[in-house]
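Report on one structure; see the data block that follows.
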Amino acid sequence: MSSPEAKRLKPNSDNMSGPKAIYDAATSSNFELYKSDHAASISDISSYWSELANSKLDWYAPFPNAVSGSFEDGSVSWFAGGKINVCYNAVDRYCNAPYNRGGETAIIWEGDEPTDTKYITYLELQNNVCRVANALKASGVSKGDVVTLYMPMIPELTYTMLACARIGAVHSVIFAGFSADAIADRIEGAKSKWVVTASAGKRGGRDLPLKNICDAAVKKERCVGIVEKVFVFDGMVPNGSGWIEEDIHVRFSDLVDCQRPVCPCEWMDAEDPLFILYTSGSTGKPKGLVHTTGGYALYAMHTTAKSFGIAQQTGPSNGNAPVYACVADAGWITGHTYIVYGPLLNGISTFMFESTPMYPDCGRYWDMVQRHKISVFYTAPTAIRSLMRFGDEAPKKYDLSSLKVLGTVGEPINPAAWQWYYELIGNSKCAVVDTYWQTETGGHVITNLPGVTPMKPGSCTLPCYGIEVIVLDPVTGKEITETEAEGVLVIKQPWPGMARTCLGDHQRYLNVYMKPYPGYYFAGDGCRRDEHGFIWITGRVDDVLNVSGHRIGTAEVESALVAHPAVAQAAVVGIPHEIKGQGICCFTTLAEGFAESDELVKELRNAVRTHIGPFATPDMIIPTSALPMTRSGKIMRRILRKIAAGELDTLGDTSTLLDPSVVGTLSEKVEKLR
Ligand code: WTA
């Protein structure tokens, strides 16, 4: 392990006192303190979280009990009976005494063009949120209504999310990469009467026709009669007039502009829903996870502070405030928790980035770090890998000395990417926090803490405070008590940020998360625990792919394919992909009368883009006359995964196949496409 190459490939996985360079300021005393604090936090979750809830959040009425209910019954609740408003806690309280941070920056917005930046203070944020809230109210939106947001990464997105929270409406944000079909499914699923969009967005120098896509969704039969109004922010595109043809549209920028900047907060029960966020699962239908108010707010606030080493800002800035930048999209959970709610609940400034890491060139992130003096930078391994391809030149051009903490999220980070991030971006001085969590968990559940936990590249390390992580034997369902273990990852006790249900389908929530291993929350991931008790995520154990950090259900892609008349059967599997982590490989048999052709492959690729969105574009589509089936008629996906990855030597038993010759035929087709 002494050569630099060996260090790169297998850094510090076998010896915690390994290369000095990958220790951040973690000292053994901090680490020891973490261990005892963590043990205390899980020995009495009720006092741990109630003390924090009381000291970190402002309540309108106190909560009688911290936690009740159980995983098994799907009845967990936190702080029920307490009254609170998340927008008040994230915005208003910082404008008032004793915080007096009205004049401090709340949002740094960086548009598609690097020259297009805005600084929005807490006071401006409060005024803007109130205007949007009043505009929604004036249009008939009321407490408990679901408001669907399909928006670019502009400050208005944050205003609208917070305005919903302010008036007690439930936001359902849809990532702006989803297609009209996907939007329509989500509008229908949430029975959402209200939709907020923008005339267009901008990304990488191109216009995103968001309103047109939204219109196509709203016009679909399944949405007709559900949607009452589509509010369109149109300020961002000059000459955007001429598009209001239907009485369903509201020119929202105008309506917002003429509202008062004052709007009272609706005091919500801690267990009232705050938002819905759809995510992929093992079936074709995405599930709308419901997050509630008090518990989510506390969890977002607490994990932001702990994982990134940030202190809540309790007074005017003394010049030492962190410049925090999470460059995710607010359409995913990372954006909800670590762009909008977590940072603002801590009174720090947050960063909204409209563009891509490649625009106008591959130095964009580092240019932003230099210009804004970013101290905490949070991105995904897929972005790091794609930037690494361009070499070390771009980051070396910029002054990155403001950086203190670097974060990654969404998938395991491979050691080479970790090392590049750590050495080149962090100048071997910053902590790299590898945050493991899910849409369902609301916030980080396993991560190293800067200056506290020793790092191991590729390991998300140890559980967050209040989280009891267990490794189960997947067959017996028993806890593995030995330190070294390999199995499925579960969580043993409730935590405030957990999703409470799947919208309209509590049974599905129970079946997916609570029933597989009764008494535990089942995350759907496999993991290994090493000799020091550090966790290494090995990936999903269900039919969910992780493509560039985006969760995509194989069943969703399959249902998009079989909706095409040419497709008789479809089987979708993941393939290893150098940049994206996983790619999408589709095998299809064709209906009678259809022949294999390049044209057809193109059509099928488009079918997936239309049904889900461009981010789900398949990497390989392989039409075939037969799939590997068992004699009882089941498609053998295990075999397809091996064929797709070109791992024929570890194919395993094929004797149960109806026709073993399909293996050879399919492998040849895969090889040709490689
Ligand atoms: C994966 C994203 C390894 C995991 C926040 C999980 C990770 C899924 C990590 C959730 C990580 C997320 N290391 N794997 N640090 N973070 N994952 O709901 O498989 O979009 O179940 O939430 O991403 O994806 P989701």
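The values are calculated or read from the model by the stated rules, or taken from the named source; none is laboratory data. All figures in this text were calculated on a predicted structure; none of them were measured in a lab. Cβ atoms come from the backbone with ideal geometry, glycine included; neighbour counts cover every protein chain shown. Surface areas here come from the heavy atoms of the whole protein model, side chains and all, with no ligands, DNA or RNA. Shrake-Rupley method; radii C 1.70, N 1.55, O 1.52, S 1.80 Å.
Across segment 248-282, what is the total count of residues that are more than 19 Å from the chain's Cα centre (by Cα) and within 30 Å of residue 558 (Cα to Cα)?
Going through segment 248-282 one residue at a time, the tally reaches 0.
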Quick count over segment 177-216, residues being part of a helix (DSSP H, G or I), open to solvent by 30 Å² or more (accessible area, probe 1.4 Å) and of a type outside the set (Asp, Glu), is 4
Looking across segment 450-463 at residues that are open to solvent by 10 Å² or more (accessible area, probe 1.4 Å) and of a type in the set (A, V, I, L, M, F, W, C), the single one that is farthest from residue 329 (Cα to Cα) is 452
The condition of being surrounded by fewer than 21 Cβ atoms within 10 Å (Cβ to Cβ), of a type outside the set (Phe, Trp, Tyr) and in contact (Cβ under 8 Å) with a residue 24 or more places away in the chain holds, among 605, 641, only for 641
Within segment 399-420, restricting to residues that are more than 16 Å from the ligand (Cβ to nearest atom) and within 12 Å of residue 376 (Cβ to Cβ), the one that is surrounded by the fewest Cβ atoms within 10 Å (Cβ to Cβ) is 402
Subset of segment 545-574, residues more than 12 Å from the ligand (Cβ to nearest atom) and within 13 Å of residue 616 (Cβ to Cβ), comes to 554, 555, 556, 557, 558, 559, 560, 561, 572
**Prompt:** What do you reckon, is residue 59 among the hydrophobic types (A, V, I, L, M, F, W, C), in contact with a strand residue (DSSP E or B) (Cβ under 7 Å, 6 or more places away or on another chain), closer than 29 Å to residue 515 by Cβ and in contact (Cβ under 8 Å) with a residue 12 or more places away in the chain?
**Reply:** no
So, first residue over 19 Å from residue 451 (Cα atoms) in segment 400-416, second residue within 13 Å of the ligand (Cβ to nearest atom) and among the acidic types (Asp, Glu), Cβ within less than 9 Å, six or more apart or across chains; the pairs are 412/434; 413/434
The number of residues in segment 421-449 that are assigned to a helix (DSSP H, G or I), open to solvent by 10 Å² or more (accessible area, probe 1.4 Å) and under 21 Å from residue 512 (Cβ atoms) is 1
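A quick yes/no check of all residues on (1) over 20 Å from residue 453 (Cβ atoms); (2) open to solvent by 30 Å² or more (accessible area, probe 1.4 Å); (3) more than 12 Å from the ligand (Cβ to nearest atom):
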residue	(1), (2), (3)
494	yes, no, yes
502	yes, no, yes
517	yes, yes, yes
527	no, no, no
540	yes, yes, no
543	yes, yes, yes
Condition first: within 30 Å of residue 328 (Cβ to Cβ), hydroxyl-bearing (Ser, Thr, Tyr) and not in a helix (DSSP H, G or I). Can you find one or more residues in segment 543-552 that meet it? yes
